[in-house]
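Visitor: What follows is a structure written as structure tokens; I'll ask about it next.
FYI, it's all coordinate maths here, none of it is from the lab. Computed from a predicted model, the values in this text were never measured in an experiment.
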């Protein structure tokens, strides 16, 4: 295999293996070099809905792209079907990338896919990515931790599961700063639970939508008003919620934050019309 444009050797991406790759929070400049190498070498890329077109354009022109994204309220690929597809492709002797927004092992179901691959005897590699819960905060000059203000942080999902909701009153006491994924649609109830657990009604809350992309938008409010603000955010906007006193620090930092040019790619890469397929099924 030839050396890709990044100048990094890709010969260790063997045929018949799967790489679980984190695409970062959205900005293609935040890809790791290992992630870029995987895109340049893959035969097939199964990607999430949140992976930007600019990142997909870094795939080698001959790569087949398959959309397997999960979006709330929309038809989605069932996880078991995705697991099976990875196994089938690897057994065909292909180099397979499972490309996920953020980090594959943080609310990315990477663990489920790794278990499925291991059970099938398929060799795989995990390529960490910058989590939206870290990169998204940094992109808006919001420190996740800060001495004397926020000394601990907890990541949680607001998505309802068969096991039930998180214990929000207990979560209120878990850490100084809470970063919530998939919480926008249920924010009124989450805020009530956090206040029942002792969080102040006037505690600052930040909503960060489409972090690190040209569509990024920030909304600052209080815990008491969080439900109303969340209801006004378009459902298609991928949104993080940050609860904690660190949010108040942003006003002093953000005016001096330099914003990188929107959509700038980390390397020059041809933009090819991909072969697009979709894995259908219910979530």
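Visitor: With equal scatterers on the alpha carbons only and no solvent term, can you work out the Debye log10 of I(q)/I(0) for the stretch 50-189 at 0.17, 0.19 1/Å?
Guide: Debye curve over Cα of the stretch 50-189, log10 I(q)/I(0) at q = 0.17, 0.19 Å⁻¹: -1.13, -1.30.
Visitor: Just to check, using Stokes-Einstein with a Kirkwood Rh over alpha carbon pairs, what's the diffusion coefficient of the stretch 13-130 at 4 °C and 1.567 mPa s in µm²/s?
Guide: 94
Visitor: Over the stretch 141-256, what relative contact order in percent results from Cα pairs under 8 Å that are six or more residues apart?
Guide: Reported as a whole number, the value is 32 percent.
Visitor: Quick one: grab Rg to one decimal and Dmax as a whole number for the stretch 96-143, Cα atoms only, in Å.
Guide: Taking only Cα atoms of the stretch 96-143, I get Rg and Dmax of 13.3, 44 Å.
Visitor: Could you tell me what percent of the DSSP beta bridges with both partners in the stretch 141-256 are antiparallel, to the nearest 5?
Guide: Counting only bridges with both partners in the stretch 141-256, antiparallel ones make up about 75 percent.
Visitor: When all alpha-carbon pairs of the stretch 141-256 are counted, what percent fall beyond 22 Å?
Guide: Looking at the stretch 141-256, the distances longer than 22 Å represent 27 percent of pairs.
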